[in-house]
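All remarks here apply to the structure that follows.
The values are calculated or read from the model by the stated rules, or taken from the named source; none is laboratory data. Since the model is a prediction, treat every value here as computed from it, not as a measurement. Ideal geometry is used to build each Cβ from the backbone, glycine not excepted, and the neighbour counts take in all protein chains shown. Heavy atoms of the whole protein, side chains included, go into the accessibility calculation; ligands, DNA and RNA do not. Shrake-Rupley method; radii C 1.70, N 1.55, O 1.52, S 1.80 Å.
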Amino acid sequence: MKKLERRDFIKAATFSAAAFTVASGIPGCGNNEKKNNTSGYSGKTFNWRMVTTWSPHFPLLGEYADKMAVWIDEMSGGRLKIQVYGGGELVPALETFDAVSQGVAEMGHGAPYYWAGKIPAAQFFSGIPFGMNTQQTNAWLFDGGGIQLWEQTYAPHNLIPFVCGNTGGQMGGWFNKEINSLADLQGLKIRMPGLGGKVITKAGASAILSPGSELYTNLERGVIDALEWIGPYHDYLMGFHKIAKYYYSPGWQEPTGTLELIVNKNAYESLPADLQSIIRCAASAVTMQLLSGFEQKNAEYLLKLKNEDKINLKDFPDDVLNKLKEFALQVFNEITNADAQSKKVYESYKEFQIQTHEWTAIAEKNY
Ligand code: CA
């Protein structure tokens, strides 16, 4: 497979903040309001660029960025043409946010937790340790006020966010040592970015930020003792099963993985209403189909790993998970106490999580 170019650190960056507000319509497909725009159909052709945080044509993630551009071209009758760039092709992967904010590209595709270094609240839109699953998270985003908070969070950066894909639940990662108690995590060097990394640090492990392209070598050489990546499909492509003894679940650190489309606000508002609506619908279509792609591939490759490669599947013990959950709440408290927008977003998230809990217990867990 192609080498992965995304790096697991957030570059410090400066940017100019333009204050404005985004009027929030119902954020599903086909509900686009004519915001600041009354032009309707226009024969004008727009040539846009989409930068992404994925290496070019990266399995599923990059592939769906490519597909979205094709769908938009087709739906618009060729009036909105989008050239897709993998990370590093136009700008480095982790400069996607700034590039779209500044109008270097009109759109970007990636994951909101990449921007946690500059916008702490962003990481609460991606999926958080012991948080809601994909179905619940989508319900919060689309119908529970999540997307409006997300728009508000990105507004000072001249960006409009759209939910645009999801990895589904992930795996807990590859270990060369059995985890039977919390003490087994102590001193381990684990590649785990984001909020999960902060949680395992509290458990006495070290969160290492290895770039994707170096993960295999680092695990093989013992630079790291364990790692989490995505799920069976992408992990298989990386070959981790050849060098790690145990494959742990659940993926407590990422029970869902919301992806984003970000659009430069000025560029968006320059479009006639039908093209705006097409973007919104294409993002919604990616949200559904990318998740289906993940589900199908993960199911197929989990069986492949089990049956052909005879991997050793393990569950984290309940007491380890319970302790990690306590650490996660400490991490959320620290972040939300230091940042008002994070507090606002997390409060909304938490309220929805509590509200949805009983329905999920009856509708899904009982089943
Ligand atoms: Ca992951």
Residue set Gln123, Gln83; condition under 24 Å from Gly62 (Cα atoms) and either within 16 Å of the ligand (Cβ to nearest atom) or outside the structural domain of Arg280 (by TED's automatic domain parsing) (or both); output residue Gln123
Would you be able to tell me the number of residues in the stretch 189-216 that are acidic (Asp, Glu) and crowded, with 21+ Cβ neighbours inside 10 Å?
0
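Working carefully through the options Leu291, Leu324, find the one that is farther than 21 Å from Trp150 by Cβ and either assigned to a loop (DSSP other than H, G, I, E, B) or at pLDDT 95 or above (or both).
Working: Leu291 fails: farther than 21 Å from Trp150 by Cβ.
Exactly one of Leu291, Leu324 is farther than 21 Å from Trp150 by Cβ and either assigned to a loop (DSSP other than H, G, I, E, B) or at pLDDT 95 or above (or both), namely Leu324.
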For Gly168, state whether it is more than 19 Å from Glu95 (Cα to Cα) and either among the acidic types (Asp, Glu) or modelled with pLDDT under 95 (or both).
no
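Using the structure shown, decide if Ala267 is modelled with pLDDT of 95 or more, of a type outside the set (S, T, N, Q), assigned to a helix (DSSP H, G or I) and open to solvent by less than 10 Å² (accessible area, probe 1.4 Å).
Details: modelled with pLDDT of 95 or more: yes; of a type outside the set (S, T, N, Q): yes; assigned to a helix (DSSP H, G or I): yes; open to solvent by less than 10 Å² (accessible area, probe 1.4 Å): no.
Against the criterion (modelled with pLDDT of 95 or more, of a type outside the set (S, T, N, Q), assigned to a helix (DSSP H, G or I) and open to solvent by less than 10 Å² (accessible area, probe 1.4 Å)), Ala267 does not qualify.
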Among the residues of the stretch 236-250, count how many are within 16 Å of the ligand (Cβ to nearest atom) and open to solvent by 10 Å² or more (accessible area, probe 1.4 Å).
6
Would you be able to say whether some residue in the stretch 133-149 is more than 15 Å from the chain's Cα centre (by Cα), assigned to a strand (DSSP E or B) and either buried (at least 21 other Cβ atoms within 10 Å of the Cβ) or at pLDDT below 95 (or both)?
no
Test each condition in (1) under 23 Å from Ser270 (Cα atoms); (2) open to solvent by less than 50 Å² (accessible area, probe 1.4 Å); (3) not aromatic (Phe, Trp, Tyr) for Gly62 and report the one that comes out false.
(1)
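Among the residues of the stretch 159-181 satisfying the criterion of being open to solvent by 30 Å² or more (accessible area, probe 1.4 Å) and of a type outside the set (Gly, Ala, Ser), which is farthest from the ligand (Cβ to nearest atom)? Walk me through it before giving the result.
At the first step, the residues of the stretch 159-181 found to be open to solvent by 30 Å² or more (accessible area, probe 1.4 Å) are 169, 176-178, 180-181.
From the residues that got through so far, the ones that are of a type outside the set (Gly, Ala, Ser) too are 176-178, 180.
On the way: Asn176: 18, Lys177: 20, Glu178: 21, Asn180: 23 Å.
Ranking the qualifying residues of the stretch 159-181, first place goes to Asn180.
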Only listed residue being among the aliphatic types (A, V, I, L, M), within 30 Å of Tyr349 (Cα to Cα), in the same structural domain as Asp309 (by TED's automatic domain parsing) and open to solvent by less than 30 Å² (accessible area, probe 1.4 Å), chosen from Leu261, Leu227, Leu219:
Leu227
